[in-house]
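Asks: Structure provided below as structure tokens; questions to follow.
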Amino acid sequence: MNWDIDITFAGVVAEQFDEYAHAEVLFYPVGGVNGLRMPDLTLGAWLETEWRLSAATGSAALNAVQRARAAVAAVRARVPALVEAKARREFKSRLDSMAMWLEDLPPQRGAGPDGSPAQRGYLAQVHLRLKAELLASAVTQPADQLSRLCAWDIGVRGRLMPGPFLLEPEVAGAATPPERFWFLFGGIS
């Protein structure tokens, strides 16, 4: 697996997280770096990258994570209210997207994780759900938003079919315990 995007994004986080924390926008555009398209900078995007890189081996990944962790910790210590407010806004925004997807999901068809339109949509939701999981662990979220996440989980669990790990096999080691990351395994019908 090529870890270049994750390692590069961790470098972006190390350099730009303070700027992001003070910016008005929630999804801070990064654009391209060294020919690699970067995701928008958010705490959730950083947490997913950190989670992914926890499965990587090699000093480049370790160094990138350590630099970014130090930068994020420094900003959180300096302006905790800014970072926490953004994390809560991001959590709600991701939940809004997840809820719309679940509401628009066609009725159950009984098919397995076969690449059907519903399954392809689920693959995109997995990344949102992962960010929500990591954000909820990093910053206390309002009870009403956590209830919304529980409702989404119930709706998805009712359609979940056991199956293989959905992301790159190289990051599967980060998905522990599997009970916490249940949404990364299988697909929906």
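The values are calculated or read from the model by the stated rules, or taken from the named source; none is laboratory data. Quick caveat, the model's predicted, so the values are computed rather than measured. A quick note on method: Cβ atoms are made from the backbone with ideal geometry, for glycine too, and the neighbour counts reach across all protein chains shown.
Asks: Inside segment 40-72, can you point out the residues that are surrounded by fewer than 18 Cβ atoms within 10 Å (Cβ to Cβ), under 14 Å from ILE7 (Cβ atoms) and either free of Cβ contacts under 8 Å to residues at least 60 places away in the same chain or not assigned by TED's automatic domain parsing to the domain that holds VAL12 (or both)? Let's see the steps before the verdict.
Replies: Taking segment 40-72 first, the residues surrounded by fewer than 18 Cβ atoms within 10 Å (Cβ to Cβ) are 40, 54, 57-60, 62-63, 66-67, 69-70.
Still in the running and under 14 Å from ILE7 (Cβ atoms): 54, 57-60, 62-63, 66-67, 69.
Matches in segment 40-72: THR57, GLY58, SER59, ALA60, LEU62, ASN63, GLN66, ARG67, ARG69.
Asks: Go through segment 138-168 and give me each residue that's in contact (Cβ under 8 Å) with a residue 60 or more places away in the chain and either part of a helix (DSSP H, G or I) or among the charged types (D, E, K, R) (or both).
Replies: ALA138, GLU168
Asks: Tell me yes or no: at least one residue of segment 165-182 is surrounded by 12 or more Cβ atoms within 10 Å (Cβ to Cβ), over 24 Å from ALA61 (Cβ atoms) and within 18 Å of the chain's Cα centre (by Cα).
Replies: Yes, segment 165-182 contains a residue that is surrounded by 12 or more Cβ atoms within 10 Å (Cβ to Cβ), over 24 Å from ALA61 (Cβ atoms) and within 18 Å of the chain's Cα centre (by Cα).
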